[in-house]
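Take a look at the structure set out below.
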Amino acid sequence: MSDSTILSPTAHSHAFVQSQREAAFNDPATYWATQAKELLAWRSQWHTTKDTSFDPKNVNIRWFDGGTLNVAENCIDRHLATRGDKPAIIWEPDSPHDPKRILTYSDLHREVSRAANMLLSLGVKPGDRVTIYMPMIPEAAIAMLACARIGAPHSVVFGGFSAQALRSRIEDCESSVIITADGGMRGGKVIDLKNNVDTALEGLSDTKVLVFRHTGHRVSWVEERDIWWQELAETVAAECEAKPFDAEHPLFILYTSGSTGKPKGLLHTSGGYLLYATHTFQHVFDYQEEDVYWCTADVGWITGHSYIVYGPLAAGATTLMFEGVPTYPDAGRFWEIVEKYRVSLFYTAPTAIRMLQREGDDFVTRYDRSSLRILGSVGEPINPEAWQWYHTVVGNKTCHLVDTWWQTETGGHMITPLPGVDETPPGSATQPYFGIRPVLHNTDGQALEAAASGALCIADSWPGQARTIWGDHARFVETYFSAFPGTYFSGDAANRDEQGNYWIEGRMDDVINMAGHRLGTAEIEAAINAHSDIAESAVVGIPDDIKGQAIYAFVIMKPNKHLDDEIRTAINGLLRREVGPIASLKYIQEAPGLPKTRSGKIMRRILRKIAAGEVTSKNHYDKLGDISTLVNPEQVDALVEGRLQ
Ligand code: WT7
């Protein structure tokens with residue numbers, strides 16, 4: 001690495017990493033067994049380290065079978081003797097003028113025990129699903145760990161999802177206890193979470209809602225159903241025994257979008273997930289005891305699960321939670337927080353980087369960032385310009401930058417540089433993590449050797465992998481294990497260069513990644529079609545300078561109806577209602593028809609190119625590839641002519 005003289009030192013040597021990579025590659029079971037003993041506290045020893053099969057006829061993923069542990073005990077209790085007074089969670093509020101909160105490991109132990117007792121008092125039993133719909137406050141993490149302590153899998157629903165989206169997730173996992181807050185704060189505005197819960201639960205009986213009072217604004221109340229967290233907390237003990245659960249006991253369900261149908265509830269289990277989150281946290285961020293670590297994600301995403309809560313706390317780290325947004329009160333907020341707490345490990349998304357880059361360097365340089373050692377990126381490809389700005393301006397050229405590729409399904413990092421060891425060409429996620437075996441397949445299903453571009457698959461199991469889709473194992477098999485039999489298919493395409501570095505090229509399916517949020521075309525189209533004047537719709541992602549992708553919609557109106565701004569506004573309102581404020585359409589174009597194959601499938605490949613402006617006249621139709629299979633090629637002219645920009 002040419003710049004290595006000015007980069008801050010890291011713990012790993014090339015030789016160490018090389019030997020670990022070889023060990024993990026050659027014998028993953030032995031490697032992970034050793035790591036599991038070193039990193040986690042087990043109550044009883046497993047009999048089978050790895051029992052996994054990617055055979056589509058029998059997809060089975062089990063790690064550390066027979067072993068038992070308590071995840072909350074691993075994240076809290078075992079640190080008490082040595083780190084009782086160490087900050088576990090630092091909480092920074094939305095407004096810099098409001099007081100911060102610092103919870104030590106002892107505080108966390110008390111609060112999680114209380115919350116666990118509250119859940120027990122509501123009748124929650126091991127295996128019962130608990131939905132968590134919270135702002136970014138310590139109680140979100142406390143609620144998750146309380147569930148883990150009593151073996152009740154949680155389903156965290158991002159606070160930016162709408163009441164409808166929340167309801168469908170509550171129904172899918174049949175959860176009867178919801179943990180929420182009166183509201184959350186974002187950029188000086190109240191997000192009315194309790195109100196959304198009320199709407200979500202309309203007509204559903206036998207539910208209990210535990211409400212943390214945070215914003216203090218007035219909320220409506222359903223007697224018998226709603227309970228104030230703070231009131232119940234006073235009635236329960238501050239000690240709650242952590243019972244052992246099987247390594248494969250469900251830890252959480254997390255919903256994510258696919259190309260078709262409803263969001264999928266990915267199920268993660270206890271031992272393997274916790275090991276993988278902890279191991280990757282320690283190695284990828286070169287974690288040291290005195291570090292202050294900050295991941296800016298929301299706990300509603302997998303990044304928040306693995307790298308705000310489980311990984312850092314199992315490692316005994318100090319993890320910072322921030323309720324606000326990068327640009328409130330101004331675009332210096334992130335760096336003000338870095339200075340205030342002397343953050344050393346910082347993890348954010350390219351969208352945030354691009355947004356802040358646009359606001360100018362002054363917002364960054366006016367704060368002291370000399371504490372920073374490692375900068376991480378996650379959620380979408382980071383373009384080289386944003387990478388350079390992050391490295392040069394934010395990191396002052398002294399920090400290692402780790403671009404981490406992974407997914408809700410993978411539980412933890414899959415392709416990422418190890419800081420101080422791997423070369424980091426800007427825009428490449430670089431090297432597979434310990435024990436990860438990427439394979440690139442061409443469309444015929446052949447595995448490609450050496451430098452190549454193809455469907456990014458993984459050849460063998462790793463401990464952090466999701467085990468199934470809640471309630472639909474057949475869909476799990478179909479989605480991830482049928483396209484390229486014998487391997488896990490990520491849904492992404494990637495390029496591997498001569499050095500063996502991986503460059504993620506984006507989704508191969510109809511998933512749109514907008515501002516690092518994963519949105520399914522089917523969900524968005526269902527919301528649009530709910531408008532009474534719309535007959536049919538198709539949405540595609542188009543490149544966007546800040547958000548990575550934006551959504552472009554083609555709509556077919558019902559007879560005698562025409563698209564106008566009122567309908568456009570109404571459609572975006574429907575999207576907010578059905579999905580949430582994170583899903584809004586940049587363009588809505590009226591289309592006379594959609595390009596379809598003879599079997600009736602919409603050819604999104606064509607729509608994507610038209611929407612992106614790659615085809616502007618008949619002279620460019622060669623760019624569309626083969627359109628001879630279209631039943632209605634004449635539609636293409638109208639779509640190209642009507643393109644919005
Ligand atoms: C999809 C997964 C991983 C946690 C946050 C998102 C894209 C993720 C990168 C990266 C290029 C990336 C992929 C992936 N993605 N990280 N470093 N470079 N693309 O989790 O919501 O499950 O989305 O995000 O397309 O498949 P997710």
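The values are calculated or read from the model by the stated rules, or taken from the named source; none is laboratory data. The structure displayed is predicted, hence computed values, not measured ones. Glycine also receives a Cβ, built like all others from the backbone with ideal geometry; neighbour counts cover every protein chain displayed. Accessible surface areas use protein heavy atoms only, side chains included; no ligands, DNA or RNA. Shrake-Rupley method; radii C 1.70, N 1.55, O 1.52, S 1.80 Å.
Things to note:
- Condition check for Lys100: over 26 Å from the mean Cα position of the chain (by Cα) and open to solvent by 20 Å² or more (accessible area, probe 1.4 Å): no
- Residue check, Arg605 part of a helix (DSSP H, G or I) and within 17 Å of Ala526 (Cβ to Cβ): no
- Test for Phe212: is it open to solvent by 10 Å² or more (accessible area, probe 1.4 Å), of a type in the set (Phe, Trp, Tyr) and out of contact with any strand residue (DSSP E or B) (no Cβ under 7 Å at 6 or more places or on another chain): no
- Test for Ser53: is it free of Cβ contacts under 8 Å to residues at least 12 places away in the same chain and open to solvent by less than 40 Å² (accessible area, probe 1.4 Å): yes
- Qualifying residue in the range 156-174 (condition: of a type in the set (Asp, Glu) and either in contact with a Gly (Cβ under 9 Å, 6 or more places away or on another chain) or part of a loop (DSSP other than H, G, I, E, B) (or both)): yes
- Taking the numbered list (1) loosely packed, with under 14 Cβ neighbours inside 10 Å; (2) aliphatic (A, V, I, L, M); (3) touching a Ser or Thr at 6+ places or on another chain (Cβ under 8 Å) in turn, Ala41 passes all entries but (3).
- Among the residues making up the range 365-390, none is within 13 Å of the ligand (Cβ to nearest atom), within 19 Å of Val338 (Cβ to Cβ) and of a type in the set (Asp, Glu).
- Sole residue being open to solvent by less than 10 Å² (accessible area, probe 1.4 Å) and polar (S, T, N, Q), chosen from Thr348, Thr424, Thr365: Thr348
- For the range 438-471, the set of residues classified as open to solvent by less than 40 Å² (accessible area, probe 1.4 Å) and β-branched (Val, Ile, Thr) consists of Val439, Ile458, Thr468, Ile469, listed by residue number.
- For the range 587-615, a residue qualifies if it is open to solvent by 10 Å² or more (accessible area, probe 1.4 Å) and of a type in the set (S, T, N, Q), and the qualifying residues are Thr597, Ser599.
- Residues (without any contact (Cβ under 8 Å) to a residue 60 or more places away in the chain and touching a strand residue (DSSP E or B) at 6+ places or on another chain (Cβ under 7 Å)) located in the range 529-548: Asn529, Asp533, Ile534, Ala535, Glu536, Ser537, Val539, Asp544
- The strands (runs of 3 or more DSSP E) falling completely within the range 221-273 include none with 2 or more residues that are of a type in the set (Asp, Glu) and open to solvent by 40 Å² or more (accessible area, probe 1.4 Å).
- Breaking point among (1) outside any loop (DSSP other than H, G, I, E, B); (2) within 16 Å of the ligand (Cβ to nearest atom); (3) in contact (Cβ under 8 Å) with a residue 60 or more places away in the chain, for Lys340: (2)
- Restricting the range 626-636 to residues that are open to solvent by less than 40 Å² (accessible area, probe 1.4 Å) and in a loop (DSSP other than H, G, I, E, B), the residue that is nearest to Leu607 (Cα to Cα): Ile627
- Counting only residues that are aromatic (Phe, Trp, Tyr), more than 15 Å from the ligand (Cβ to nearest atom) and buried (at least 24 other Cβ atoms within 10 Å of the Cβ), the range 296-337 holds 1 of them.
- Candidates in the range 484-535 are the residues that are modelled with pLDDT of 95 or more, in a loop (DSSP other than H, G, I, E, B) and open to solvent by less than 40 Å² (accessible area, probe 1.4 Å); of these, the one that is farthest from Ile61 (Cα to Cα) is Asp533.
- Flag if Val402 is open to solvent by less than 20 Å² (accessible area, probe 1.4 Å) and either away from the ligand (no atom under 16 Å from the Cβ) or more than 17 Å from Ala349 (Cβ to Cβ) (or both): no
- Residue within the range 275-286 that is under 30 Å from Ile191 (Cβ atoms), touching a residue at least 12 places away in the same chain (Cβ under 8 Å) and more than 16 Å from the ligand (Cβ to nearest atom) present: no
- Residue tally, condition β-branched (Val, Ile, Thr), under 17 Å from Ile610 (Cβ atoms) and within 16 Å of the ligand (Cβ to nearest atom), over the range 506-541: 3
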